[in-house]
Amino acid sequence: MNVRTIRVDDLTGMQACNLQNLPENYTIRYYLYHAMTWPSLSFVAEDHKGRIVGYILAKMEEDAGKGEELHGHVTSISVLRSYRRLGLAKKLMEQSQKAMATIYGASFVSLHVRKSNRAALNLYRDTLGFTLKATESKYYADGEDAYAMHLSLKDQGTVA
Ligand code: ACO
């Protein structure tokens, strides 16, 4: 499996992958916004035929000027079911985190995850070392709470 930065012609494949995997869905325009604004932060995993089997959609936080440290944010990540537990999500996260730190000088990365999402929580907390910052009540459209999680990129040694 090959992991690489996204191209504009990947966006429909990313959207298809997202629709199969998550109830949080986005317009192509929103994918395009990420791709055009922060082209080095989003990645895809493709199979040997070039079919997209996983993606990470990420951005820099624009309100970081208001007293908050400059940081990256993972909008969405998913991997098709038959390609899971191969280390792809870990690789997608690490590549994006590295780009946030080295290209944009992000001091940490943030994300939201459903309280009930055990696989993603294990990935973030146990594999990557994210910590819980807050619980956001009824964050999702169906009323489920979110965990707001952070990972320092300074601790990873990716920021000078
Ligand atoms: N159960 C328990 N732990 C898991 C699971 C699972 N099903 N899947 C991954 N993990 C943890 C493990 O610690 C794993 O390490 P290990 O395999 O050495 O034990 C570690 O995460 C790394 O696993 P990867 O193989 O890199 O993860 P994968 O490529 O399978 O993708 C993902 C994980 C993205 C959560 C996948 O299950 C998925 O697409 N789920 C549906 C979509 C989703 O929930 N996305 C996250 C929403 S939150 C957001 O987008 C910010």
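The values are calculated or read from the model by the stated rules, or taken from the named source; none is laboratory data. In this text, all values refer to a predicted model and were calculated from it rather than measured experimentally. In this analysis, Cβ positions are derived from the backbone assuming ideal geometry, glycine residues included, and neighbour counts consider all displayed protein chains. What goes into the accessible areas is simple: the full protein's heavy atoms, side chains included, and nothing from ligands, DNA or RNA. Shrake-Rupley method; radii C 1.70, N 1.55, O 1.52, S 1.80 Å.
Proximity of backbone amide H atoms, modeled 1.01 Å from N, is registered between residue 80 and 54 at under 5 Å, excluding neighbours fewer than 5 places apart on the same chain.
What the Cβ-Cβ distance of residue 28 and residue 85 gives, at R0 = 30 Å and to the nearest 0.05, is a FRET efficiency of 0.55.
Would you please give the FRET efficiency between residue 63 and residue 126, computed as 1/(1 + (r/R0)^6) with r the Cβ-Cβ distance and R0 = 45 Å, to the nearest 0.05?
With R0 = 45 Å, the Cβ-Cβ based efficiency is 0.95.
Annotation: per residue accessible area for the chain equals 54 Å², rounded to a whole number [probe 1.4 Å, protein chains only]. Evaluated at 4 °C with a viscosity of 1.567 mPa s, what Stokes-Einstein diffusion coefficient in µm²/s does the stretch 2-61 have when Rh comes from the Kirkwood expression over alpha-carbon pairs? Estimated via Stokes-Einstein, D reaches 113 µm²/s. Counted residue by residue at 0.36 nm each, then reduced by the alpha carbon distance between them, the extension gain from residue 119 to residue 37 reaches 26.6 nm. The fraction of accessible area contributed by carbon and sulfur in the chain is 50 percent, rounded to a whole number (1.4 Å probe; ligands and nucleic acids excluded). Length, then width, then depth: along the principal axes, the Cα atoms of the chain run 44, 36, 30 Å.
The length gained on full extension between residue 1 and residue 138, counted as 0.36 nm times the residue separation minus their Cα-Cα distance, comes to 45.7 nm.
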